[in-house]
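Q: Got a structure here, written out as structure tokens. Questions coming.
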Amino acid sequence: MTRIGFIGLGNMGGPMAVNLAKAGYDVTGFDLSDAARKAAAEGGVRIVDTVAEAAGAGGIVVSMLPDGPVVRKVYMGEHGVIANAAADALMIDCSTIDVDSARAVADAAGPEQAVLDAPVSGGVEGSKAGKLTFMVGGDADAFARAKPLFDVMGKAAVHAGQAGNGQVAKACNNMILGISMLAISEAFTLGEKQGLDPQKLFEISSQASGSCWAMLNHNPVPGLVETAAANRGYTPGFAAGMMWKDLKLAQTAAQQAGVATPLGAEAQALYALFCGQGHEAKDYSGIFRMLRGEDVE
Ligand code: NAD
């Protein structure tokens, strides 16, 4: 039975680890939080007390952690994953982090070790259902070795090229999503204020050149898309705080590359405002209400 060490058993990592255990992998997990450890243990994950123990449990390590500084700390240094994993270990970091940190961790690995950056799309529901999409940077052979795990935890996995490219893809994708949400919010407000029924605009634009994924799936106007957060008081879904984090990561990547992304910068600033008003835990589509000068409740 293949042994896996899993570090970071939170909202996303917990169900991913449990799905691996249910699929027959021998999963050893670690998290700082008692509640996360308990929930994972109930799902069949053996719990240990340190990062080093989880890292040394088998030939594969998976992690799902909050941000770049935590990932650097967990992977690097004497008590970290890299120093305590097998000499030929495969390490898969699924956290959403900055490109620099992802590349620094990959560079720190031993000559026979491999690190993949494999951030995900699909949220907590996708994690529970084993239907995540993985965007993966790193060595092609390591990707092939990791593929059976991606197949358990997700519905799709795309190899995006060199180390860090998974994080680049995630930042670009979510920058598109954030900008799209703002465009839809403005257009549906403009239409309505000019006397156009939002249902009619939806009927037209969803079949015309203005159509996009956010309009069809996360439409911020209540009553247009049945499953959208707009129909349940903007409860997430995808939290505005997460969107803000991803837009900040996109801006960091843009500055490092010397690329102008003025719409991405504007989206980051608007989500900062929305979160600053106390709406971090609301769905990101709730920004529609702020742009109309309305309360999000
Ligand atoms: P979370 O806060 O629920 O889980 C993170 C876990 O990491 C926590 O349980 C925490 O205790 C643990 N942790 C922190 N520092 C640690 C350490 N030093 N050692 C061991 N464990 C440690 O967050 P989440 O929602 O599961 O998100 C995890 C990652 O997934 C983030 O990078 C996030 O951006 C990304 N992501 C989240 C979603 C989502 O919808 N929640 C969607 C896509 C991507």
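Coordinate-derived values only; no laboratory data. Everything numeric in this text was worked out from a predicted model, so none of it was measured. Methodologically, a virtual Cβ is constructed for each residue, glycine included, from the backbone with ideal geometry; neighbour enumeration extends over all protein chains shown.
Q: Among the β-branched types (Val, Ile, Thr), surrounded by fewer than 19 Cβ atoms within 10 Å (Cβ to Cβ) and under 23 Å from Gly161 (Cβ atoms) - does that describe any residue in segment 133-140?
A: Our first condition is that a residue be among the β-branched types (Val, Ile, Thr); within segment 133-140, this holds for 133, 136.
From what is left, the residues that are surrounded by fewer than 19 Cβ atoms within 10 Å (Cβ to Cβ) are 133.
Filter once more, so that each one left must be under 23 Å from Gly161 (Cβ atoms): 133.
Yes: segment 133-140 contains one or more residues that are among the β-branched types (Val, Ile, Thr), surrounded by fewer than 19 Cβ atoms within 10 Å (Cβ to Cβ) and under 23 Å from Gly161 (Cβ atoms).
Q: Can you confirm whether segment 192-204 contains a residue that is in contact with a His (Cβ under 8 Å, 6 or more places away or on another chain) and over 20 Å from Val120 (Cβ atoms)?
A: The answer is no; no qualifying residue exists.
Q: Something else now. For a quick check of your reading: which strands (runs of 3 or more DSSP E) sit entirely within segment 19-126 and have at least 3 residues that are more than 13 Å from Phe6 (Cβ to Cβ) and within 13 Å of the ligand (Cβ to nearest atom)?
A: none
Q: Could you list all residues from segment 271-293 that are surrounded by fewer than 20 Cβ atoms within 10 Å (Cβ to Cβ) and aliphatic (A, V, I, L, M)?
A: Within segment 271-293, Ala272, Leu273, Ala281, Met290, Leu291 meet the criteria.
Q: Follow-up question, since we're still on this one. Under the condition of being over 30 Å from Trp213 (Cα atoms) and under 23 Å from the mean Cα position of the chain (by Cα), which residue from segment 110-127 is surrounded by the fewest Cβ atoms within 10 Å (Cβ to Cβ)? Before you say what the answer is, go through the steps one by one.
A: First, pick out the residues of segment 110-127 that are over 30 Å from Trp213 (Cα atoms): 110-115.
Filter once more, so that each one left must be under 23 Å from the mean Cα position of the chain (by Cα): 114-115.
Working: Ala114: 20, Val115: 28.
Taking the candidates together, the pick is Ala114.
Q: Let me ask something additional. Looking at segment 1-18, which of its residues are assigned to a strand (DSSP E or B) and either within 13 Å of the ligand (Cβ to nearest atom) or over 13 Å from Met153 (Cβ atoms) (or both)?
A: Answer for segment 1-18, where residues must be assigned to a strand (DSSP E or B) and either within 13 Å of the ligand (Cβ to nearest atom) or over 13 Å from Met153 (Cβ atoms) (or both): Arg3, Gly5, Phe6, Ile7.
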